[in-house]
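Please treat every number below as a calculation from the coordinates, not as lab data. Note that the structure is predicted; figures quoted are calculated from it, not measured. In this analysis, Cβ positions are derived from the backbone assuming ideal geometry, glycine residues included, and neighbour counts consider all displayed protein chains.
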Amino acid sequence: MPSHLLAILPNFFGQETASLIMRNIFTAVLLLSSHVFGGDWVVTKGGLSPDEKFAVAVFPQKTAFIDEADDTVLLIDQTNGRKIGSLEEVSSSGGTWGNTATNVHCLWSPNSTILIVNYRTGRLMHSSQIYRIQDRRAIPLPLPDAKTHPKGKLLVGLQSTANPGSEIALTKDGSIQMRRWGYVPDFTVDYSKHGLTKFEGELLFDYHFDQKRQLRLHDITVPSTP
C-alpha cells in the first residue's frame, strides 16, 4: 500500500484500528512472499530453509498435461524473491505423473546448510538428491557406493522390480538415511547371516558426515516394520 495512504488511515479509522489494518496488510504480504514469487513459481513442500534465506520452488503447470509444463526446480533467494539458479539434478515432471507443484518435497538441516530434495520419477517411482548450500550455491553431494560397505557386496547383481525408488530423511543426530525399495532378493543367499534379517526388497542406508564433511556409508539395515 502506498505510504500516503498509510499515513491517512488513522484519520478514518482511529489509531488502534489503523494499526490493526496495517498489521494485517503486512502479514498478508509476508505470507504471499513466502509462497509465491513474481507470480510464476511456488515454494515446494518443505522448501523454505530454517533461516528463511533460501527456498526451493517449482513452476505450477498451466494445463492438465504435465508433459507440457516447465519441470525446472529452482533455488530462490528468499530475502529478495530472486532466482539463484536451477537444481539441474532434479525435476518436477514426475516422469509424466502427478503434478509439478506436488512432485517435489524437501528437507533442510537445522542450520540450513544441507538440502535434501525428494522427487517423483514415475507412477510409483521416486528419487532423491542431496545438496550442500555454500556461498549461495547448491552443490550436489554424491552418495558413497554401497560396495564401500561389507554388506554392500551382497547387493551386486541384484535385479529390481519395475518400480524401484528411494527417499532420504534426516535424523535427529544429523545423519542421513536413505530408504531404497524395489530390490529382488537372491533367495539362494541367507541375508540374516549378514545382519539383513527379513530383507524382502527394502533397505535402509545410514550415512554420516566425517570430519572433512564428506558422506560415509555407516551401515546397511532392513527398515523396521510398524
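Taking 0.36 nm per residue of separation and subtracting the current Cα-Cα distance, fully stretching the chain between residue 123 and residue 189 would add 20.7 nm.
Local charge sum around residue 73 (other residues, Cβ-Cβ under 14 Å, Lys/Arg +1, Asp/Glu -1)?
Here the count lands on -2.
As a rough footprinting exposure proxy, the listed residues 216, 120, 82 were ranked by other beta carbons within 10 Å of their own, and the order from fewest upward is 82, 216, 120.
For the stretch 39-140, a crude dipole built from +1 on the beta carbon of Lys and Arg and -1 on the beta carbon of Asp and Glu, taken about the Cα centre, is about 180 debye to the nearest 20. For the stretch 178-185, the Karplus equation 6.51 cos²θ - 1.76 cosθ + 1.60, evaluated at θ = phi - 60°, returns couplings of 10, 9, 10, 10, x, 6, 10, x Hz by residue, with Gly and Pro reported as x. Each of 221, 72, 148 was scored by other Cβ atoms within 10 Å of its Cβ. Listed from fewest to most, they are 148, 221, 72. Per-residue Cβ neighbour counts within 10 Å put 75, 124 in the sequence 124, 75, beginning with the fewest. Note on the stretch 73-184: dipole from Cβ charges, positive end direction compared against 84, 122, 159; the farthest Cα belongs to 159. Taking a straight Cα-Cα cut-off under 27 Å and skipping sequence neighbours fewer than 8 places away in the same chain, the lysines within cross-link reach of residue 45 are 53, 62, 83, 172. Treating r as the C-beta distance of residue 209 and residue 97 and R0 as 30 Å, the FRET efficiency rounds to 0.35. Quarter the surface of the alpha carbon convex hull of the stretch 143-226 and you get the mean projected area, 6.1 square nanometres. Please work out the C-alpha center-to-center distance from the stretch 61-115 to the stretch 191-219 and express it in whole Å. Here the answer is 28 Å between Cα centres. Positive contributions from Lys and Arg (+1) and negative ones from Asp and Glu (-1), summed over other residues with Cβ under 12 Å from the Cβ of residue 83, come out at 0.
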